[in-house]
Amino acid sequence: MADKITVYEKPTCSKCREMAKLLRDRGVEFEKINYYTQPLSAAKITSLLKKMGLKPVDILRKTEAVYKELGLAKAQHTDKELIELMVQHPDLLQRPIVERGDRAVMGRPTENVEDLLD
């Protein structure tokens, strides 16, 4: 594999553990980054979004308490504002996010990673 695979995760997340198992079972080397202990910058989130072809609203975890506390369902925010909120509140980010070179995918469902393994 030419490009390193990086999994941005929360270790206690069941989907993140499923992703790690899938990659290990496939014999794929990868790096895991716990974005709670190694926070993602606004620039990194922006880069991942671009690689996934998604908007910030597409990767918001709408079931999180902080989403409700911030009133995000009713509020109108710019993409930049949403990204800044994700930097401040990592619980807002869907996970895992898997990156390989100039491509990235949302790891829900875990099968999405197949696109990066070809």
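Only the coordinates and a few stated rules stand behind these numbers; no lab work does. In this text the structure is predicted, and so the values were computed from the model without any measurement. Cβ atoms come from the backbone with ideal geometry, glycine included; neighbour counts cover every protein chain shown.
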ask   = Quick one: would you say LEU60 is under 13 Å from the mean Cα position of the chain (by Cα) and among the aliphatic types (A, V, I, L, M)?
value = yes
ask   = Taking region 26-53 on its own, how many of its residues are out of contact with any Gly (no Cβ under 9 Å at 6 or more places or on another chain), closer than 13 Å to VAL98 by Cβ and surrounded by 14 or more Cβ atoms within 10 Å (Cβ to Cβ)?
value = 7
ask   = Take the residues of region 85-115 that are in contact with a Gly (Cβ under 8 Å, 6 or more places away or on another chain) and either in a loop (DSSP other than H, G, I, E, B) or of a type in the set (Gly, Ala, Ser) (or both): which is farthest from ALA75 (Cα to Cα)?
value = PRO96
key: Tally of residues being over 20 Å from LYS51 (Cα atoms) and assigned to a helix (DSSP H, G or I) across region 1-22   = 7
request  = Go through region 23-59 residue by residue and tally those that are of a type outside the set (Val, Ile, Thr) and assigned to a strand (DSSP E or B).
outcome  = 4
ask   = For region 95-113, which residues satisfy the criterion of being more than 14 Å from the chain's Cα centre (by Cα) and touching a residue at least 24 places away in the same chain (Cβ under 8 Å)?
value = GLY101, ASP102
remark   = Being crowded, with 17+ Cβ neighbours inside 10 Å and without any contact (Cβ under 8 Å) to a residue 60 or more places away in the chain narrows LEU92, LEU23, LEU116 down to just LEU92
note = Of the conditions (1) part of a loop (DSSP other than H, G, I, E, B); (2) surrounded by fewer than 18 Cβ atoms within 10 Å (Cβ to Cβ); (3) free of Cβ contacts under 8 Å to residues at least 40 places away in the same chain, the single one that LEU72 does not satisfy is (2)
key: Qualifying residue in region 65-87 (condition: within 24 Å of LEU23 (Cα to Cα), charged (D, E, K, R) and more than 10 Å from the chain's Cα centre (by Cα))   = no
query = Hey, among THR110, THR6, which residue is among the β-branched types (Val, Ile, Thr), surrounded by 12 or more Cβ atoms within 10 Å (Cβ to Cβ) and touching a Leu at 6+ places or on another chain (Cβ under 6 Å)?
reply = THR110
